[in-house]
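Everything below concerns the one structure shown next.
The values are calculated or read from the model by the stated rules, or taken from the named source; none is laboratory data. Quick caveat, the model's predicted, so the values are computed rather than measured. Neighbour counts run over all protein chains shown; Cβ positions are idealised from the backbone, glycine included. Accessible surface areas use protein heavy atoms only, side chains included; no ligands, DNA or RNA. Shrake-Rupley method; radii C 1.70, N 1.55, O 1.52, S 1.80 Å.
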Amino acid sequence: MASMRASLFKVPIHIILIIYSLISIFPFYYVVITTFKSRDEFYINVYAPPENWTLEGVITLYTDYGFGRATLNSVIVTFLSIVITLIIATPAAYAYSKMKFIARGFLLSLTVALLGVPVMIVIIPVYVLMSKVNLLDSYIGVSLVYTAFNLPFYIFLLTSFFRAIPQEILDAGRIDGCNRFELLKKIIVPLSRPVYATLIVISTIWVWNELLIAMMFLRKDDMHTVTVALSRIVGRYSMHPELIQAGAFFVALPMILLFLAGRKYFIQGLLSGALKE
Amino acid sequence: MDFIRRLKNQRDYKPYLYILPSILLLIFVFFYPLIQNLYRSFFRFAGGKAIFFGLNNYKYLLLTDTIARRAFLNNLTLLLIVPIFLILAILFAVLITEKIRFRGLYQTIIIIPYIISIVAAGVVFSRLLRFDGIINFILDNIGLDVLIHNWLGDPKLAIFSVMSVIVWKELPFGIILFIAGISNINPEIYEAAKIDGANWWQNLFYITIPQLKSVINFYIVYNVMVIFAWIFTYVYVLTEGGPVNATTILELRIFNLAFKEHNMGMASALAMLLFLMIFVFVYLQFRLRQETLEES
């Protein structure tokens, strides 16, 4: 009886959670049915699934509207900014966690305090600076800006992870003749794979999805990332709903797949950012 | 003096080489821009010349610029989101952590809005919320046609439509946060309460919520920051601040001052005001928390 009552009590919980789940994925229904509908059908059948599924919109999007190029740009910018962030953040976190030097605590707190500084507050002078050094419309320029916004989180997380690596392991490595850099390469980095996975998942999703920085630093059409390309298509071709929704579909899809593959790391990343407080 | 002596004794300069690239980049992207903003905020830039303008940019923004005032009020209105987030996030976190089936599945589905781009979400919702959009279509079909509105076009409603999209997309972060918070609560507390005969609601209000106090504090502060400085993309994609500035916000005003009105001095001044607001807010809540820590 007790278990009957307990499971009856759970019915309303399931109902509430199912309704919320439906609200969460409902927009995807619209995106999917519109993406695979022809434009003619859209105007006579807006809300139901397409009678004739077609790839017309998708093909037009990639061939005539530069979405293929935009996808390539997004991949390059995301990849480049993560690689640069890793190269800069790893040695910095190593120094903050395993070396003694003056002003260490101060510099580390200053770096971590920048976590969450709003883009809009600093972006205009950065834009002016980048235009002076000719780094607008370049992969490197925009990647450096993303790197800067990623750095505080990377350094914070890596420092706290490296700190937890026991000194004895490093001492043993030193006895085997490793110098400081080899210790980092051969011991610390391999031990830290999970935290690297977390950082990469979180920042891939952030950089791929970001609009403001991308649209300010990549102005030429053939430099647009997917989010910029999508927002431009909406502005220019508002009468082409199937193109717009196909764009939304292919901006969202890679991140949904990445999230499903790296769910554990993603959730860990979200929480470790919050635990800073 | 002690510092200088220690600096002289610091023989090993290698650690500084390890941190140098990160410090340089952070200087160029954060510290230099803040100083530049402050400097520019005292100037007016016209025809390639900088004219010293004193505090006039600030004066204009605070006293005359009705759009900036409208933006500030809209940011304040959007703060309504903070209690909404708090209540819904705790509610769903509590429900998901009940020992139910399909927990993992619910959790996965619920997070999806959070990981897709605001641009994609905005593009979809601006279609769904149109007058001839699917939301009005559904309302019409289930007999709620009195609720049919021009969700993004009606100046009174638009800000609340923007708010709903933000809730739809950002709520999962809070849920994840509180799920983690709840699983950190010592289960012995619930067992003791069970012996005392506490019911579900008593557990919620006398154990779960008090135990989550620090997570709740963090989540409130986090959301205030989000509302003041991290929602540009929503407004830019959904409404561009319209209709007639009904959904304009401080970030959008900074952006438009700089790139539409080409008034860099004024844009810098508003960026400084926003920075100051956030700085004071963070500082105050930090002090407040220090005090409550000392008392307890």
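Some values worked out for this structure:
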quantity: Wholly enclosed helices (runs of 4 or more DSSP H) of the range B:27-139 bearing at least 2 residues basic (K, R); calculated: B:66-78
quantity: Helices (runs of 4 or more DSSP H) enclosed by the range A:191-277 - at least 2 residues per element that are modelled with pLDDT of 95 or more and closer than 18 Å to A:F79 by Cα; calculated: A:193-209, A:212-217, A:226-236, A:241-261
quantity: Any hit, the range A:192-208, residues being within 12 Å of another protein chain (Cβ to nearest Cβ), surrounded by fewer than 14 Cβ atoms within 10 Å (Cβ to Cβ) and within 30 Å of B:I35 (Cβ to Cβ); calculated: no
quantity: Search result, residues across the range B:206-222 that are of a type in the set (A, V, I, L, M) and assigned to a helix (DSSP H, G or I); calculated: B:I207, B:I209, B:V215, B:I216, B:I220, B:V221
quantity: Cβ pairs under 9 Å, 6+ apart, first in the range B:258-282 and more than 8 Å from every other protein chain (Cβ to nearest Cβ), second exposed (fewer than 14 other Cβ atoms within 10 Å of the Cβ); calculated: B:G265/B:I51; B:A269/B:L55
quantity: Flag for B:G174 being part of a helix (DSSP H, G or I) and either exposed (fewer than 15 other Cβ atoms within 10 Å of the Cβ) or out of contact with any strand residue (DSSP E or B) (no Cβ under 6 Å at 6 or more places or on another chain) (or both); calculated: yes
quantity: Set B:F102, B:F85: member being within 14 Å of chain A (Cβ to nearest Cβ) and either open to solvent by less than 30 Å² (accessible area, probe 1.4 Å) or at pLDDT 95 or above (or both); calculated: B:F85
quantity: Filter result for the condition that a residue is closer than 16 Å to A:H240 by Cβ, away from every other protein chain (no Cβ under 13 Å) and either open to solvent by 30 Å² or more (accessible area, probe 1.4 Å) or in contact (Cβ under 8 Å) with a residue 24 or more places away in the chain (or both), over A:Y43, A:Y30, A:Y65; calculated: A:Y65
quantity: Count of the range B:212-248 residues which are open to solvent by less than 40 Å² (accessible area, probe 1.4 Å), among the β-branched types (V, I, T) and more than 12 Å from the chain's Cα centre (by Cα); calculated: 7
quantity: Tally of residues being in a helix (DSSP H, G or I), under 18 Å from A:E56 (Cα atoms) and modelled with pLDDT of 90 or more across the range A:22-40; calculated: 6
quantity: Subset of the range A:99-121 (residues that are more than 7 Å from chain B (Cβ to nearest Cβ) and either closer than 30 Å to B:I254 by Cβ or part of a helix (DSSP H, G or I) (or both)); calculated: A:R104, A:G105, A:F106, A:L108, A:S109, A:L110, A:V112, A:A113, A:L115, A:V119
quantity: Criterion violated by B:N245 - all others in (1) among the polar types (S, T, N, Q); (2) more than 28 Å from B:I87 (Cβ to Cβ); (3) modelled with pLDDT of 95 or more satisfied; calculated: (3)
quantity: From B:I116, B:I135, residue being out of contact with any Leu (no Cβ under 6 Å at 6 or more places or on another chain), of a type in the set (V, I, T) and open to solvent by less than 50 Å² (accessible area, probe 1.4 Å); calculated: B:I116
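Residues are listed down the side, and each one gets a yes or a no for (1) assigned to a helix (DSSP H, G or I); (2) farther than 30 Å from B:M264 by Cβ; (3) in contact with a His (Cβ under 6 Å, 6 or more places away or on another chain):
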position	(1), (2), (3)
A:V46	no, yes, no
A:T54	no, yes, no
A:I59	yes, yes, no
A:T63	yes, yes, no
A:T71	yes, yes, no
A:S81	yes, no, no
A:S97	yes, yes, no
A:S143	yes, no, no
